[in-house]
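The values are calculated or read from the model by the stated rules, or taken from the named source; none is laboratory data. Nothing here was measured: the structure is a model prediction, and the numbers come from that model. Heads up, the Cβs are rebuilt from the backbone with ideal geometry, glycines too, and the neighbour counts pull from every protein chain shown. Accessible surface areas use protein heavy atoms only, side chains included; no ligands, DNA or RNA. Shrake-Rupley method; radii C 1.70, N 1.55, O 1.52, S 1.80 Å.
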Amino acid sequence: MAKKKKDALRSQAWFGKADKDGFLHRSWMKNQGIPADEFDGRPVIGICNTFSELTPCNAHLRDLAERVKRGVYEAGGMPLEFPVMSLGESNLRPTAMLFRNLASMDAEESIRANPMDGVVLLVGCDKTTPALLMGAASCDLPSLVVSGGPMLSGRVRGKEVGSGTDVFRYSEAVKAGEMSLADFMDAEAGMSRSPGHCMTMGTASTMASMAEALGMAMPHNAAIPAVDSRRNVLAQNAGRRIVEMVREDVRVSQILTRQAFENAVRINGAIGGSTNAVVHLIAIARRLGVDFGLDDWDHLGRDIPTIVDLMPSGRFLMEDFYYAGGLPAVIKAIGDFINKDALTVNGRTIWENCAAAPNYNNDVIRGLDNALTENGGIAVLRGNLAPNGAVLKPSAATPELMQHRGRAVVFEDIDHYKTRIIDPDLDVDESCVLVLKNCGPKGYPGMAEVGNMGLPPKILEKGIKDMVRVSDARMSGTAYGTVVLHTAPEAAAGGPLALVEDGDMITLDVAGRGLHLDVSEEELARRREAWSPPEPPMTGGYQKLYFDHVLQADEGVDLDFLVGGRGAAVPRESH
Ligand code: FES
């Protein structure tokens, strides 16, 4: 590829001028001890860091940034690390998703406003990956994702345990009287015993895999454990490569094509990835104007077998996945399903990266003839209860429940659910359909991960572990169950979900992709007359902005004014 001329570098609009403005830009930078020759026209690489001690999954990213810097220096670039808003899934309330778009704005504006020619996105915990990809996509500079990597496998009392997945299991076991509270508390430290993000195939691992599948990260980005020295090597190589990407002028839009998104959907099916990838990838694609939406998830993913046996759909953890061959081995196994010519950040196609990838463990990464689930992927359901769609992850659901008709037991919001679900007099049995309203983008606000609501204690005591559940919420990527999510429009936006009442019959038909409320149009019209929209959660500030502008799940839950790209033209001088 043609090399970019030094005077064409964007950063030279700051550092390349022999005048008052150039003096101002260079002089203040020199207070960090940067030698004069570093401003000579070499590529300036931003390292966009989501480090935060409040985001434990990303708390090691300052060390990783140093490795990226080594690589940038080696390749003749100048690295400059900068912080953006971090989003820690385990601490942020009411939910990290409320702030994904805010973090994307932070990333976008920080990239555009500053002197950089390319950017490395340091991410880890769930929302940090899509947030930075969305922001970088809207700028369209050369960009490369480096994920922080998963934690080592959890170990509790001699057994391997998975982030999130086993919390849900343990919590249900305590409620069912099968586990003591002391044992429950004791499991905390064993579950999270090293730096890194959740080590199940939850949302963080899914999105790290999606970054690799999309071609935005180097091979093996998804699975190398955070503390494995090879993660440092990957970061250093990423630092070297981003400098070359600037010289070759390889931008996000050349990598994130329709072909890349098709690959990502198929690879998500093969790994049994999180339903959260649905909204994130739609949001990223819409930043680039790529024609990609909810129905692509269904028809592109429908025939893909899930071949990776990881929790929550299966048995193993990310550490096992890396030792088995990681994502390249998966891509090789499903080679017939992917667009082999899709470009990746290392300058090679996805197939050139993966065609010779070995598989060291056929229990963890199975063959297509021995799949975990024949039809992995994400099922997109439609019907009068979800006119704009809803999703379900078949590989995490109970096969017998995927065709089901049951009586609705309705919770108006999460607080109503919490008080009502433990009521011993609640009229519910295992054939019922639990319906949770007002947990969508506007309703919660932020579309919280509460869709896999716990079952009533009296059902758990019978040893029953799953029921059909329907909501406008999301579900943690580490969770499981026959759970219908992302129902659109949501209840708080006046979707039909708002009109469901106790005793209504609901039909779930996953094979037919249907979700139906057996109530007449006349009755629904009568109920709609009595419905009134909710007030914004706050009368000012970001939450008001969010409430007024957030899009529904089928549109990626972005803010309407953030859709699309705005480029990285150099803003006017500040002095
Ligand atoms: Fe951060 Fe799961 S809590 S990845």
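Give me Rg over Rh for the stretch 311-408, both radii from the alpha carbons and Rh done the Kirkwood way, two decimal places. List each step's numbers first, then the result.
Details: Rg = 17.3 Å, Rh = 16.1 Å.
Radius of gyration relative to Kirkwood radius: 1.08.
By the beta carbon rule, with partners counted only under 4.7 Å, the chain holds these lone Cys residues: CYS48, CYS139, CYS198, CYS354, CYS432, CYS439. Kirkwood's formula applied to the C-alpha pairs of the chain gives a hydrodynamic radius of 24.2 angstrom. Each Lys and Arg Cβ is given +1 and each Asp and Glu Cβ -1; about its Cα centre, the chain then shows a dipole of about 2020 debye.
Across all C-alpha atoms in the stretch 451-575, the radius of gyration and Dmax reach 19.8, 71 Å.
Kirkwood hydrodynamic radius, computed over distinct alpha-carbon pairs, for the stretch 66-108: how many Å, to one decimal? Don't skip to the end; give the middle numbers.
Working: mean 1/r = 0.0803 Å⁻¹.
For the stretch 66-108, inverting the mean 1/r across all distinct Cα pairs yields 12.5 Å.
Ligands, DNA and RNA left out, the accessible area of the chain computed with a 1.4 Å probe is 50% carbon and sulfur.
With a threshold of 29 Å on the Cα-Cα distance, the over-threshold entries among LYS159/LYS462; LYS127/LYS544; LYS20/LYS127 are LYS20/LYS127.
Per residue, how much accessible area does the stretch 490-575 have with a 1.4 Å probe, in Å²?
Working: 4300 Å² over 86 residues.
Here the per-residue accessible area is 50 Å².
The mean sequence separation of alpha-carbon pairs under 8 Å and at least six residues apart, normalised by the residue count of the stretch 278-340, gives a relative contact order of 18 percent.
Between the alpha-carbon centres of the stretch 317-334 and the stretch 510-575 there is a gap of 36 Å. Angle of helix 61-74 to the longest C-alpha principal axis of the chain, folded into 0 to 90 degrees and rounded to 10: 30°. Set Lys and Arg Cβ to +1 and Asp and Glu Cβ to -1, take the dipole of the stretch 109-167 about its Cα centre, and tell me which of GLY164, VAL145, ALA113 lies farthest positive. Projecting each Cα onto the dipole axis, the largest value belongs to GLY164.
So how tilted is helix 229-248 from the main axis of the chain? Cα-based, degrees 0 to 90, rounded to 10. Computed tilt is about 60 degrees.
Using C-alpha pairs under 8 Å with a sequence gap of at least 6, the mean separation divided by the residue count of the chain gives a relative contact order of 14 percent.
Protection proxy ranking of 10-17, 321-328, by the mean of other Cβ atoms within 10 Å over each peptide's residues and highest first, is 321-328, 10-17. Taking the DSSP bridge list for the stretch 424-575 and keeping only pairs wholly inside it, about 45 percent are antiparallel. If both residues of a DSSP beta bridge must be in the chain, then about 40% of such bridges are antiparallel.
Take every Cα pair under 8 Å whose residues are at least 6 apart in sequence, average their separation, divide by the length of the stretch 392-536, and the relative contact order is 27 percent. To the nearest ten degrees, helix 203-213 and the longest principal axis of the Cα atoms of the chain are 50 degrees apart.
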